[in-house]
Amino acid sequence: FFCPHTHTSHFGSKSIAPESFYKEMDLLFLKQCDFLVATPRWAKSSGAREEIDECRRSNTRIFYLAALYDVNTYDLIEKFAKS
């Protein structure tokens, strides 16, 4: 499990590295993932859009949540993870 939001939390105030450094690092982690779960407002985040684009380029499975508590999608994710 990798969550870029918690991985790079507060990077602006705790580091001198530019945002692009963290986005590139997140994409390296993403390449090791079996799938991505996109939250409902993913399109509003430039980082999430880049992650979606990377998954599309690499044919990594993407699950789009209709809502944060989208039980149907969670069931699909569970089945995919167990396969």
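When region 26-68 is filtered for residues that are over 19 Å from residue 6 (Cα atoms) and either of a type in the set (Lys, Arg) or free of Cβ contacts under 8 Å to residues at least 24 places away in the same chain (or both), the ones remaining, listed by number, are 53, 56, 57, 59, 61. Looking only at region 8-33, residues that are open to solvent by 60 Å² or more (accessible area, probe 1.4 Å) and within 11 Å of the chain's Cα centre (by Cα) come to 2 in all.
The values are calculated or read from the model by the stated rules, or taken from the named source; none is laboratory data. Please read all numbers here as calculations on a predicted model, not as lab measurements. Virtual Cβ from ideal backbone geometry, glycine too; neighbours counted across all protein chains shown. We work out accessible area using only protein heavy atoms, side chains counted, and drop any ligands, DNA or RNA first. Shrake-Rupley method; radii C 1.70, N 1.55, O 1.52, S 1.80 Å.
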